[in-house]
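Where a number appears in this text, it was derived from the coordinates with a stated rule and is not lab data. Here the structure is a predicted model, which means the values were calculated and not measured. Glycine also receives a Cβ, built like all others from the backbone with ideal geometry; neighbour counts cover every protein chain displayed.
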Amino acid sequence: MALIRIEAVQDPKTELYYVEIYHPADAEQPFVTTQPRYKTSAAAENDTIAIIAARTNNPDVEGQRP
């Protein structure tokens, strides 16, 4: 079962994409919503995955240990 769901959504005003992260994956409302800043949905999704991967691979940032 998926823990989160990531969706790229296009902002009608700017035509840029923002990311909505849902937790749990089947939640109706997003847990996190970013500002619109991506030119494509693929860029939004890839950047989000890269941010999560970077944080996961470096868990001891500024003394924040699990």
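Table for the structure above
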{"item": "All positions within region 19-30 that are in a loop (DSSP other than H, G, I, E, B) and either acidic (Asp, Glu) or farther than 10 Å from Ile6 by Cα (or both)", "result": "Pro24, Asp26, Ala27, Glu28, Gln29"}
{"item": "Residue match in region 28-43 (condition: of a type in the set (A, V, I, L, M, F, W, C) and loosely packed, with under 12 Cβ neighbours inside 10 Å)", "result": "yes"}
{"item": "All positions within region 44-58 that are of a type in the set (D, E, K, R) and surrounded by 14 or more Cβ atoms within 10 Å (Cβ to Cβ)", "result": "Glu45, Asp47"}
{"item": "Restricting region 10-27 to residues that are in contact (Cβ under 8 Å) with a residue 24 or more places away in the chain and over 19 Å from Ala53 (Cβ atoms), the residue that is surrounded by the fewest Cβ atoms within 10 Å (Cβ to Cβ)", "result": "Asp11"}
{"item": "Single residue of Ala2, Ala50 found to be over 9 Å from the mean Cα position of the chain (by Cα) and free of Cβ contacts under 8 Å to residues at least 12 places away in the same chain", "result": "Ala50"}
